[in-house]
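Below: the structure, in structure tokens.
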Amino acid sequence: MGKGKLIVLTGPSGVGKGTLLRSLLQRHPDLYLSVSVTTRRPRPGEVNGKDYYFVSRPEFERMVANGELLEWAEFAGNYYGTPRTPVVDQINQGKWVILEIELQGARQIRQNFPEALRIFILPPSMLELEDRIRKRGQDAEDAISRRLSRAREEIVAANEFDIQIVNDNFDKALERIEETLFATAAC
Ligand code: 5GP
């Protein structure tokens, strides 16, 4: 059995991480995507247990207090976190586990799992990012401005990551993610 691995994918809201990840997982079904816990309300079409585990604030706080989360952060007014047990189990079984998380969480992972491979996805420009968030049409105006100001903070930190990939062309960005993952397969 191969060696397990932890992969962190970070990038501002609206950069297209989710779409890139869906294609990556279709092409490499052996990869395991961690399902996060959040206090955010489900968006239309989101499924509990598949997109997220949707929980109340008290439930989230209980999980934090019990040490059930590998990392967690507050983002645009809601809590998000990675359940510890499934990730540890999958890695112990030799799986490659992907966390799609924001910057604060990625920093916690760097502290606790320095061997994790950390990838940052950049938008072609801030204007393009704003356009994508608005076109998605899933967030209210105050949430959009919180997401954009957080995006600026995150982009400044892109060089803390092992690799930065600009999502200006979907196929090329996907190819670069694959190269990054599989070029380090022997590590
Ligand atoms: P959204 O509300 O758009 O689904 O996610 C907002 C942000 O939270 C995204 O940047 C996403 O990557 C991040 N996120 C999702 N799950 C987690 C998690 O478990 N931990 C952390 N730290 N961030 C997460």
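The values are calculated or read from the model by the stated rules, or taken from the named source; none is laboratory data. Because the structure is a prediction, the values reported are computed rather than measured. Glycine also receives a Cβ, built like all others from the backbone with ideal geometry; neighbour counts cover every protein chain displayed. Ligands, DNA and RNA are excluded from the accessible area calculation, which covers all protein heavy atoms including side chains. Shrake-Rupley method; radii C 1.70, N 1.55, O 1.52, S 1.80 Å.
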Within the range 16-38, identify whether any single residue is over 15 Å from the mean Cα position of the chain (by Cα) and within 13 Å of the ligand (Cβ to nearest atom), and answer yes or no. no
Starting from residues that are within 29 Å of GLY94 (Cβ to Cβ) and within 11 Å of the ligand (Cβ to nearest atom), keep the ones in the range 39-62 and report whichever is most open to solvent (accessible area, probe 1.4 Å). TYR53
When the range 77-89 is checked residue by residue, the ones that are open to solvent by less than 20 Å² (accessible area, probe 1.4 Å) and within 7 Å of the ligand (Cβ to nearest atom) are GLY81, THR82
Of everything in the range 63-76 that's within 23 Å of ASP142 (Cα to Cα) and of a type in the set (Gly, Ala, Ser), which residue is most open to solvent (accessible area, probe 1.4 Å)? ALA76
